[in-house]
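In what follows, a structure is listed as structure tokens, so that the remarks can point back to it.
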Amino acid sequence: MAQPVSSGTTRPAARRKKMPYWVEPLTTLVVLGTWLLYSLWEVLFHNTGTYHNYISPYFSPGIAGWFGWHILTALYVAWVPFLFRFTCYYYRKEYYRGFFWDPPGCAAADAPRKRYSGETKWPLKINNLHRYAWFLALIVLLFLWKDAVEAFIFPHHGFEVRVGSLILLVNVVLLTFYTFSCHAFRHMVGGRRDCFSCGGKPSQSYRFWSRVSRWNAFHGAWAWASLFSVWAADLYVRLLLMGVIHDARLF
Ligand code: FES
């Protein structure tokens, strides 16, 4: 007898189904809202994010320094990752549910409205920029890799591993998975093709697309993990700058 095919429902998904539908959007509202307020505080009220060889991901690359600008220095670059996250397909689902309650969850009643224009009209039309935001985010990511390498090279000490070095490294690794598990990137590397084997054998793009698809299955997890790592990396540098903590050397 044929075995029933799995519906693909994972255990966490099954657990979520047992929760009231409003738990997830409410959690999103609280966590994303707190992160947004923190980010505004960081970007609008601080002009430096550099502590010796560490640079906060909010301030990198240091565009303001290149041109000698001294106010709102994080703003010149922070808009890129913000735009990338704001237009991300995964975050759209999360903030449509958490912030707009529209709809609050699967199979949950939606608020009645006269007409629905969705992402065909401003301001939500901006979400169509996601594939372009991906390229900008990639440039920022390359700078963050440079920062992560430099976080292991200390003036007068040479190569050392400190807590801050590891935090910046973990952050850029998680951001890399978040960036390359993107739905738009998956589309670019092969998802847009109608046929992978029209040449007689699976094409290189099929192999690439398959790999990206495996990362893409966890895109939501990369999205949250990288959000927390960016937050942690910035907070760590900020606390060092404020003299609240000291950077511990591991070896
Ligand atoms: S879909 Fe989330 S980063 Fe592109």
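The values are calculated or read from the model by the stated rules, or taken from the named source; none is laboratory data. Keep in mind that what you see is a predicted model, and the values were worked out from it rather than measured. Cβ placement follows ideal geometry from the backbone for every residue including glycine, while neighbour counts extend to all protein chains displayed. Heads up: the accessible areas ignore ligands, DNA and RNA and are worked out on the full protein's heavy atoms, side chains in. Shrake-Rupley method; radii C 1.70, N 1.55, O 1.52, S 1.80 Å.
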Within the stretch 85-121, tally of residues that are on the phi > 0 side of the Ramachandran plot and among the basic types (K, R): 0
Qualifying helices (runs of 4 or more DSSP H) (wholly inside the stretch 1-82; at least 1 residues being modelled with pLDDT of 90 or more and open to solvent by 30 Å² or more (accessible area, probe 1.4 Å)): 23-45, 63-67
Taking the stated definitions as given, is F228 within 23 Å of L142 (Cβ to Cβ), within 13 Å of the ligand (Cβ to nearest atom) and within 20 Å of the chain's Cα centre (by Cα)? no
Filtered residue count, the stretch 84-96, keeping only those that are among the hydrophobic types (A, V, I, L, M, F, W, C) and more than 11 Å from the ligand (Cβ to nearest atom): 0
Condition broken by D194, with the remaining ones in (1) in contact (Cβ under 8 Å) with a residue 60 or more places away in the chain; (2) over 30 Å from L239 (Cβ atoms); (3) away from the ligand (no atom under 16 Å from the Cβ) satisfied: (1)
Among the candidates L174, L168, which residue alone is in a helix (DSSP H, G or I) and more than 16 Å from the ligand (Cβ to nearest atom)? L168
Only residues that are farther than 21 Å from H183 by Cα, of a type outside the set (K, R) and touching a Lys or Arg at 6+ places or on another chain (Cβ under 6 Å): list them for the stretch 194-249, please. D247
How about the stretch 102-144: which of its residues are open to solvent by less than 40 Å² (accessible area, probe 1.4 Å) and either under 21 Å from the mean Cα position of the chain (by Cα) or in contact (Cβ under 8 Å) with a residue 60 or more places away in the chain (or both)? P104, G105, A108, N127, H130, A133, W134, A137, V140, L141, L144
Report yes if Y96 is touching a residue at least 60 places away in the same chain (Cβ under 8 Å) and in a helix (DSSP H, G or I), otherwise no. no
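A quick yes/no check of all residues on (1) open to solvent by 20 Å² or more (accessible area, probe 1.4 Å); (2) closer than 23 Å to Y95 by Cβ:
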{"site": "G164", "(1), (2)": "no, no"}
{"site": "T179", "(1), (2)": "no, yes"}
{"site": "G220", "(1), (2)": "no, yes"}
{"site": "W224", "(1), (2)": "yes, yes"}
{"site": "Y236", "(1), (2)": "yes, no"}
